[in-house]
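Asks: Starting off with a structure, shown below.
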Amino acid sequence: MIQSRRGDTLAFVAREFAGAELGDERRRKRLVRVVLDLLEDPSRSIPKASGTWAGAKGAYRFFSNPNVTRESVMKAHWEQTAERIQSRDSVLVVEDTTFLNFTHHPGTKGLGKIGNRNAKNPLQGVLVHSALAVEVGTHRVLGLIDQEVIIREEYQSPEESRADRQGRPRESAKWMTCARRAIDRVGKADGLIFTFDREGDVFEVIEELQDKGGRYVIRAAWNRRTEGSDGVEAHLLDQIQAEPVLGELEVEVPAGAGRKAHRVTLELRAATYQVLPPRRCERKEPVDVRVVCAKQERAADGETPLEWVLLTSEAISTAQDVQAVIGHYTGRWKIEEWHKVLKTGCKIEERELEEWDRLDVLLGVLSVVAWRLLILRDAARFGDASVDDYLSKTEQAVLRGMDPKLPKDASLRDFLRSIAKLGGFLARKRDGDPGWITLWQGFTRLRDLDRGFRLAKTQGCG
C-alpha cells in the first residue's frame, strides 16, 4: 500500500528520497527537510514553505550545490517505482512531454526555446519528457520511472533538408531513451506496456520495442503504408475503417482542452497488418502490427466524433481483448493529470531560482511531490486502505467535529470526502469523486485545524 499523509509523511519521504546518493549526509538530510516542508503545501514559495530565513537559505544552498542534480535526487524514487512495478505482472509505462514556460522570468539562465518559431513573442523554457508507471485496470499511479529534460538552443530552420534532419540528434529519440532506462531499472521488458500518444508514433520505436520484447499501445499519427496479401500497397488508416465492427465500448472522457467530462460510445474494429518501413529507413522488410480502431459514430451536434487508431502488441482476437487495449490507452490520461498537478498544484513555472540547473533539481523534487498528490486523489476514489494509514486520531477527531454527517463507522473514502469539503468540494450526488485540488486544499486547512486543536489541548483550553 502506498501511504499518503501525516505520520507516514516522514516514512514516505524516507522511502522515496532518503536513499538519494548526494555524496554527503548533510545534503541528504537537507533534501529530506526540503521535501517535508514542500509537502506541507506544495504551492508555497520556498521561503514560505521553509518557515524561517535560515531554512530558506539552507534550501537555496541545496538547490545551487553543483554536486546535487535532478537525477541524484530522483534516483531513489525511480528505484522504489521499479520495485512497485516488479511486484505486478503488467504495468503501463505512460510517456509524454510537457513544456515548462519561464518566459516571465527573463533573467533565468540556461533556458531554451519553446513554442513556435513564428510566434511574435519568443518563449523560453524547457521540454520535460516523463515516464509514469500506472497500474493496469485501476490506473493507480505507481510513480515515475524516468524523466528527460530537453533544452532547445535554437529553433530548427524551415529550410532544413531531410539529410540535415537525419544527421542531427532528433527529439523523437526521447521515447526510446526513456523506454530503455525504464527496462533497465525494472530488469525486464515483457511486463511493461509502453503507452504513447500520437507523437510517439515513430517506426523505429515500434521496431525496437518489438526487438526488446516490450509491449506497447501507441496512437497512430500516420497513414502508414501496408503490404497486402496480394503484394499491393495499401494504407493503414484506410484499411482499418473497412474492418467489421467487433463490439461497442462506453468510455469516460475527462475534461480538458475546452471540453467537459462526458461519456461516449465507441465502435470497435481490429486487424493485423504488415506495416512497411518509411522509405528513409535502412530496414526494408515489413513489421507485423496489430491495430485497434475505436470510433464514435454518433456525436452531439457541433462535436467532433472521437476516434482512436491504436498500434499495439497486445492480443486483439476478441472484443474483450480490444476493450483491454482501449483501457490501456485511457490510462494515458494519468500523465496529463500529473502535468497539471506539477504546474498548478506545485507551481513549477512560478519558481525563480536564477539558473536552470537549480530549477532542474527543484523539478526532481516537485515531480515526486506531484505524484503524491495524485495518490491522494486515488485514495479518495478507491478508499480501500485503513483510515489510520492516512489520518492521525487527532485529525479524525477534528473532522468529526467539523462534519457531523460522518458515519460512525466512516471509511477512508468517507473521511477523504469530508476533507475535500474543507477545500470547497460540495459532495452533491452528481459531483462524483473529489479531485486532487479540493483534496489538497482541504488537507491544508485540516493541517491548520489540527495544529490549533493540539495547541488548545496543551494550553488547557476547551
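The values are calculated or read from the model by the stated rules, or taken from the named source; none is laboratory data. Predicted, not measured: the structure shown is a model, and the values here were computed from it. Every residue, glycine as well, gets a Cβ built from its backbone with ideal geometry; the counts of neighbours run over all protein chains shown. Accessible surface areas use protein heavy atoms only, side chains included; no ligands, DNA or RNA. Shrake-Rupley method; radii C 1.70, N 1.55, O 1.52, S 1.80 Å.
Asks: I'd like the full set of residues that are surrounded by 21 or more Cβ atoms within 10 Å (Cβ to Cβ) and in contact with a Gly (Cβ under 9 Å, 6 or more places away or on another chain), limited to region 314-327.
Replies: V322
So that you can scan it fast, the table gives a plain yes or no per residue for (1) surrounded by fewer than 23 Cβ atoms within 10 Å (Cβ to Cβ); (2) touching a Pro at 6+ places or on another chain (Cβ under 9 Å); (3) free of Cβ contacts under 8 Å to residues at least 60 places away in the same chain; (4) more than 22 Å from S72 (Cα to Cα):
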{"residue": "W333", "(1), (2), (3), (4)": "yes, yes, no, yes"}
{"residue": "L342", "(1), (2), (3), (4)": "no, no, no, no"}
{"residue": "G345", "(1), (2), (3), (4)": "yes, yes, no, yes"}
{"residue": "L353", "(1), (2), (3), (4)": "yes, no, no, no"}
{"residue": "L359", "(1), (2), (3), (4)": "no, no, no, no"}
{"residue": "G364", "(1), (2), (3), (4)": "no, no, no, no"}
{"residue": "A370", "(1), (2), (3), (4)": "no, yes, no, no"}
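Asks: Then there's this: With L92, L31 as the choices, which residue is surrounded by 18 or more Cβ atoms within 10 Å (Cβ to Cβ), more than 20 Å from the chain's Cα centre (by Cα) and of a type outside the set (G, A, S)?
Replies: Just one listed residue meets the conditions, L31.
Asks: Moving on to the next point. Report yes if some residue within region 133-149 is farther than 23 Å from Y329 by Cβ, at pLDDT below 95 and assigned to a loop (DSSP other than H, G, I, E, B); otherwise report no.
Replies: Checked against the condition, which is being farther than 23 Å from Y329 by Cβ, at pLDDT below 95 and assigned to a loop (DSSP other than H, G, I, E, B), region 133-149 yields no hits at all.
Asks: Looking at the structure I just gave you, is E314 closer than 30 Å to D230 by Cα, under 23 Å from the mean Cα position of the chain (by Cα) and free of Cβ contacts under 8 Å to residues at least 40 places away in the same chain?
Replies: Judged against the criteria, E314 is not a match.
Asks: Further, regarding this structure: Looking only at residues that are open to solvent by less than 50 Å² (accessible area, probe 1.4 Å), in a helix (DSSP H, G or I) and without any contact (Cβ under 8 Å) to a residue 12 or more places away in the chain in region 421-454, which one is farthest from E395 (Cα to Cα)?
Replies: D431
Asks: Condition first: charged (D, E, K, R) and surrounded by 16 or more Cβ atoms within 10 Å (Cβ to Cβ). Can you find one or more residues in region 45-54 that meet it?
Replies: No, region 45-54 contains no residue that is charged (D, E, K, R) and surrounded by 16 or more Cβ atoms within 10 Å (Cβ to Cβ).
Asks: Right, something else. Report, by residue number, each residue of region 242-283 that is surrounded by 13 or more Cβ atoms within 10 Å (Cβ to Cβ), in contact with a Ser or Thr (Cβ under 8 Å, 6 or more places away or on another chain) and modelled with pLDDT of 85 or more.
Replies: Answer for region 242-283, where residues must be surrounded by 13 or more Cβ atoms within 10 Å (Cβ to Cβ), in contact with a Ser or Thr (Cβ under 8 Å, 6 or more places away or on another chain) and modelled with pLDDT of 85 or more: L246, E248, L249, Y273, Q274, V275, L276.
Asks: What number of residues in region 190-201 are at pLDDT 95 or above and open to solvent by 10 Å² or more (accessible area, probe 1.4 Å)?
Replies: Residues flagged as at pLDDT 95 or above and open to solvent by 10 Å² or more (accessible area, probe 1.4 Å) within region 190-201 amount to 3.
Asks: I'd like the full set of residues that are under 16 Å from T444 (Cα atoms) and either of a type outside the set (S, T, N, Q) or touching a His at 6+ places or on another chain (Cβ under 7 Å) (or both), limited to region 399-424.
Replies: Result: L399, M402, F415, L416, R417, I419, A420, K421, L422, G423, G424.
Asks: If you don't mind, another one. Among the residues of region 15-28, what is the count of those that are open to solvent by 50 Å² or more (accessible area, probe 1.4 Å) and within 27 Å of the chain's Cα centre (by Cα)?
Replies: 3
Asks: Considering only region 339-375, state which residues are over 14 Å from the mean Cα position of the chain (by Cα) and part of a helix (DSSP H, G or I).
Replies: I348, E349, E350, W356, D357, R358, L359, D360, V361, L362, V365
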